[in-house]
Amino acid sequence: MKGFGAIYRRELAGLFLAPLAWVLFFLVLLYQAYFFLLVLDTKGGEVNGSLAFVLGGGTPFWLLTLFLPPLLTMRMISEESRSGLLEFLLTAPVADAAVVSGKALAAATFLALVWASAFLFGALTALLGAPPDWGLVFAAWLGASLVSALFSALGLVSSALFSTPLLAAFMAILVNIALFALPFLARSWRGTGGAVLARALEYTDVLGHYQGSFLSGALDSAHCAFFLAWTAAALFLAVRVVESRRWLG
Amino acid sequence: MITVQHLTRRFGPRLAVDDVSFHLERGEVVGFLGPNGAGKTTTMRVLTGFLPPSAGTVEVGGHDVLRDSLAVRERIGYLPESVPLYREHRVQEMLVFQGRLRGLARAEAKRRAGLVLERVGLSERARSLIGRLSKGQRQRVGLAVALLPDPEVLVLDEPTSGLDPLQRIEVRRLIQELARERTVLLSSHILPEIEAVCPRVIILQRGRLAADGTQTELLARLGGGNFVRLELAAGPDGATPDAAALALVRARIAALPDVTSVEARGGEGDFAAFEVRGQGALAEGLGRLAQREGWAVRELSTQRPTLEGLFARIALELEPARPDPAQPEGSLEGAA
């Protein structure tokens with residue numbers, strides 16, 4: 001796709017040129033290190049479990065994953081629409097899909113770099129004589145990155161829909177929480193249709209798909225496809241929203 | 001190069017552009033005039049593929065903006081009114097990004113960036129952060145961005161808005177230079193600018209085409225051509241001339257062969273002013289007449305109607321722009 005690479009690189013550079021990204025990066029590193037050490041301590045030095053905890057096994061990770069992508073993507077379309085930069089991008093000879101997916105991949109790459117801090121923790125424990133199961137760490141990191149890509153794509157949909165970054169972030173966080181929590185709610189629903197609803201929502205069960213494969217160190221293409229398919233669907237939606245903005249003006 | 005046919009663009013119930021048609025030949029430089037909200041920006045956004053038309057067709061270089069949008073966008077260098085630039089990037093980075101977006105190799109994009117920066121006179125600011133530049137410099141960076149792909153068509157929306165007079169002259173000179181090799185569509189509400197740069201003018205009013213033609217055509221048609229202002233002593237010294245004296249002078253003037261109308265325009269003391277319209281060498285004829293009659297002439301001048309006057313008349317809707325089927329070239333179309 002022509003222009004995709006240029007946009008991806010520009011967006012990634014743009015993230016790192018803004019102070020927000022560095023602040024987030026630093027805070028998340030501290031946060032992850034804190035929970036890694038805490039769990040390592042309580043688990044009596046069990047390195048693999050502790051690394052899995054900070055890459056999707058525990059609540060702290062999911063809190064970050066629900067909130068961080070919307071903060072990264074909130075400005076990508078809504079603010080550029082105000083500043084006129086979207087007009088610049090959308091009058092360049094590149095497809096809308098290249099613009100949207102370049103931005104989404106930039107946000108996902110940033111988050112993948114954040115999650116790569118687990119490799120650092122692993123390397124440290126290895127230095128101290130307790131090497132982690134690298135396959136497990138890699139699988140968990142890949143999973144975390146795929147989840148981040150999905151939530152980044154959803155964040156872009158929100159950024160395209162709403163005219164202010166703050167509103168876009170707020171709505172994206174709500175959507176993320178709903179997507180994350182609905183399967184739980186459906187499973188605990190005791191009324192009629194509960195079972196059907198729970199079955200249906202299995203197709204959107206982010207946590208189930210994540211913990212069912214990546215966290216056990218098994219790279220299952222079906223689970224990768226689950227995340228890629230939903231990411232693609234969200235990107236498609238974002239492209240449609242951008243396109244409809246042209247028609248509405 | 002650009003063909004617009006019956007272009008209509010709605011925003012909900014509001015008609016921003018209403019049945020506008022015009023054609024630009026390759027190499028033409030056309031000024032887009034109109035009060036704020038007349039539809040200039042919307043028309044440009046349709047041309048550049050940012051907004052789809054609600055009805056009508058727009059072709060650039062033979063490519064339809066809807067069906068062949070990418071081909072159209074490849075041919076156009078566009079400077080939007082907001083001069084969109086990434087403020088956190090350096091000038092050079094912004095230009096290289098534009099080149100990469102257009103599929104240029106990095107080295108080639110860098111080479112082009114150097115060329116266009118020289119063109120807009122900003123070579124020494126290549127490493128500056130865009131956010132640190134002055135408004136005038138940013139405007140020139142915007143122009144450099146539009147120029148980078150060496151487009152056949154330049155669409156410039158208010159390229160001199162917000163600049164000080166000196167910067168405006170600079171940008172105007174630059175546009176004049178660029179216009180030698182390209183098709184340029186330029187919008188502005190600063191009339192002297194259009195007068196200086198664009199031989200042909202398209203005037204929009206409330207989304208409709210109010211006038212389209214060369215400046216001289218438009219002025220002749222809408223402004224009624226040139227007239228001569230004559231101010232002379234028509235009465236006895238120091239006294240206001242009476243009606244009979246004025247009528248006598250008027251009759252003498254009106255008797256000249258080329259004169260079609262004479263209007264009294266008031267006076268001051270024993271002087272009376274007249275506006276004389278007609279064909280040919282009016283001022284010379286009037287001068288000879290004054291000599292023969294022994295009139296004390298205080299002023300004898302040929303007044304040219306200005307684009308500004310014409311524009312004000314259209315904007316204030318004093319000038320009902322009428323369709324003129326007999327004169328397709330430079331005709332007036334629209335609100336009738």
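Any read-out appearing in this document is the output of simple, stated calculations on the displayed coordinates, not a laboratory observation. This structure is a prediction, so every number in the text was calculated from the model and none was measured. Cβ coordinates were reconstructed from backbone atoms using ideal geometry, including for glycine residues, and neighbour counts include every protein chain displayed.
Observations on the structure shown:
- Principal semi-axes of the equivalent ellipsoid, √(5λ) from the alpha carbon gyration tensor of the range B:2-221, are 28, 20, 16 Å from largest down.
- With θ taken as phi - 60° and the Karplus curve 6.51 cos²θ - 1.76 cosθ + 1.60 applied, the whole-hertz 3J(HN,Hα) list for the range A:172-187 is 5, 5, 4, 4, 4, 5, 4, 4, 6, 8, 4, x, 4, 4, 5, 5 Hz, x standing for glycine and proline.
- Taking label points 7 Å from Cα along the Cα-to-Cβ direction, residue B:55 and residue B:88 give a separation of 4.5 nm.
- Using a Gaussian network model of chain B in which every pair of alpha carbons under 10 angstrom is joined by a spring, one finds that among B:129, B:209, B:246 the greatest mean-square fluctuation is at B:246.
- Less than 5 angstrom separates the built amide H of residue B:162 from none of the residues sequence-distant by 5 or more or on a different chain.
- Of the residues B:47, A:178, A:207, the one whose Cα sits farthest toward the positive end of the charge dipole of the protein assembly as shown, with +1 on the Cβ of Lys and Arg and -1 on the Cβ of Asp and Glu, is A:207.
- In the range B:159-204, the alpha-carbon atoms span a convex hull of 71 Å³ per residue.
- For the range B:260-312, the pair-distance distribution built from all alpha carbon pairs, in bins 10 Å wide starting at 0, is 19, 49, 27, 6 percent.
- Charge tally in the Cβ shell below 13 Å around residue A:21, where Lys, Arg are +1 and Asp, Glu are -1, residue A:21 excluded: -1
- Rh by Kirkwood over Cα pairs, then Stokes-Einstein D for the protein assembly as shown at 1.306 mPa s and 10 °C, µm²/s: 56 µm²/s
- Computed helical MRE - 222 nm, chain B, DSSP H runs ≥ 4 contributing -39500 (n - 2.57), nearest 500: -10500 deg cm²/dmol
- Counting only alpha carbon atoms, the long axis of helix A:4-17 and the longest principal axis of chain A meet at about 70°.
- Backbone geometry of the range A:234-249 corresponds, through the Karplus equation with coefficients 6.51, -1.76 and 1.60 at θ = phi - 60°, to 3J(HN,Hα) couplings of 5, 5, 4, 4, 4, 4, 4, 5, 4, 4, 5, 4, 4, 5, 7, x Hz, x marking Gly and Pro.
- Net dipole in debye of the range A:4-248 [+1 Lys, Arg Cβ; -1 Asp, Glu Cβ; about Cα centre; nearest 20]: 400 debye
- When the Cα positions of B:104, B:63, B:117 are compared along the charge dipole of chain B, B:104 comes out farthest toward the positive end, with charges on each C-beta of Lys, Arg, Asp and Glu.
- Seen from residue A:189, the other residues with C-beta closer than 15 Å to its C-beta sum to a net charge of +1, counting Lys and Arg as +1 and Asp and Glu as -1.
- For residue B:272, the shell of other residues with beta-carbons less than 12 Å away shows a net charge of -3, using +1 for Lys and Arg and -1 for Asp and Glu.
- In this structure, the amide hydrogen of residue B:204, modeled 1.01 Å from its nitrogen in the peptide plane, lies closer than 5 angstrom to those of B:33, B:34, B:210, counting only residues at least 5 positions away or on a different chain.
- Positive-end extreme of charge dipole, the range B:226-303 - chosen from B:264, B:278, B:245 (charges on Cβ): B:278
- Nearest 10 degrees, 0 to 90: helix A:19-42 Cα axis against chain A principal axis: 20 degrees
- Here the Kirkwood formula, the inverse mean of 1/r across different C-alpha pairs, assigns the range A:98-180 a hydrodynamic radius of 14.3 Å.
- Relative intensity, log₁₀ I(q)/I(0), of the range A:192-238 from a Debye sum that treats every alpha carbon as a point, q = 0.33 Å⁻¹: -1.10
- Size of the range B:226-303: Rg and Dmax of its alpha carbons, in Å, are 11.4, 34.
- Relative contact order computed over chain B (Cα-Cα under 8 Å; 6+ residues apart), in percent: 18 percent
- Projected-area average for the range A:4-248 over all orientations - Cα convex hull basis, square nanometres: 14.7 nm²
- Estimated vicinal HN-Hα couplings, Hz - the range A:122-132 in sequence order (Karplus 6.51, -1.76, 1.60; Gly, Pro = x): x, 4, 5, 5, 4, 4, 7, x, 10, x, x
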